[in-house]
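Asker: Have a look at the structure that comes next, please.
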Amino acid sequence: MAKAIEFTDANFETEVLNSDHAVLVDFWAEWCGPCRMVGPVVEEMAGEYEGKAKIGKVNVDDNPQVSMKYGIRSIPSLLIFKNGEVVDQIVGAVPKVTLKKQLDAQL
């Protein structure tokens, strides 16, 4: 079963912006309660979408550059990228069905 990829300031361009697949990026932090609710859902989806989409996480405390570049002010924030561009955004803890619906719309 695939696990969510750990995106960082160093690998973001390669893993996300240059990806051939749609990419769901979860911006989170360890101290964020709602992030801990969304985290397991993101991990599950990484396995379910293996080969169809890339799914990963950015720890905002450890990766300030990419977080600032995309104006992340509240977490969890989930961005969906396609062809290097943000095509959708979800802010806050939402049900898995909502995440799947928005990601499926980009596949």
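The values are calculated or read from the model by the stated rules, or taken from the named source; none is laboratory data. If you're wondering where the values come from, they're calculated on a predicted model, not measured in any experiment. Neighbour counts run over all protein chains shown; Cβ positions are idealised from the backbone, glycine included.
Asker: In the stretch 1-14, which residue that is surrounded by fewer than 14 Cβ atoms within 10 Å (Cβ to Cβ) and within 14 Å of the chain's Cα centre (by Cα) is modelled with the lowest pLDDT?
Answerer: My answer is K3.
Asker: Another question, then. Take I75 and tell me if it is of a type in the set (A, V, I, L, M), crowded, with 18+ Cβ neighbours inside 10 Å and assigned to a strand (DSSP E or B). Quick ask: steps written out before the conclusion?
Answerer: On the way: of a type in the set (A, V, I, L, M): yes; crowded, with 18+ Cβ neighbours inside 10 Å: yes; assigned to a strand (DSSP E or B): no.
Judged against the criteria, I75 is not a match.
Asker: Given V58, V86, which one is surrounded by 17 or more Cβ atoms within 10 Å (Cβ to Cβ) and without any contact (Cβ under 8 Å) to a residue 60 or more places away in the chain?
Answerer: Among V58, V86, only V58 is surrounded by 17 or more Cβ atoms within 10 Å (Cβ to Cβ) and without any contact (Cβ under 8 Å) to a residue 60 or more places away in the chain.
Asker: Also: State all residues of the stretch 82-107 that are over 17 Å from E43 (Cα atoms), out of contact with any Asp or Glu (no Cβ under 9 Å at 6 or more places or on another chain) and in a strand (DSSP E or B); if no residue qualifies, say none.
Answerer: Result: E85, V86, V87, D88, Q89, V91.
Asker: For E48, state whether it is within 14 Å of the chain's Cα centre (by Cα), surrounded by fewer than 20 Cβ atoms within 10 Å (Cβ to Cβ) and not hydrophobic (A, V, I, L, M, F, W, C). Lay out the reasoning, then the answer.
Answerer: Details: within 14 Å of the chain's Cα centre (by Cα): no; surrounded by fewer than 20 Cβ atoms within 10 Å (Cβ to Cβ): yes; not hydrophobic (A, V, I, L, M, F, W, C): yes.
Criteria not met by E48.
Asker: If a residue must be buried (at least 20 other Cβ atoms within 10 Å of the Cβ), of a type outside the set (A, V, I, L, M) and over 16 Å from K101 (Cα atoms), how many such residues does the stretch 15-45 contain?
Answerer: Total satisfying the criteria: 3.
Asker: Condition first: among the charged types (D, E, K, R) and out of contact with any strand residue (DSSP E or B) (no Cβ under 8 Å at 6 or more places or on another chain). Now tell me which residues in the stretch 1-15 satisfy that.
Answerer: K3, D9, E13
Asker: Which condition does V41 not pass, out of (1) part of a strand (DSSP E or B); (2) touching a Leu at 6+ places or on another chain (Cβ under 7 Å), if it passes all the others?
Answerer: Looking at each condition in turn, V41 falls short on (1).
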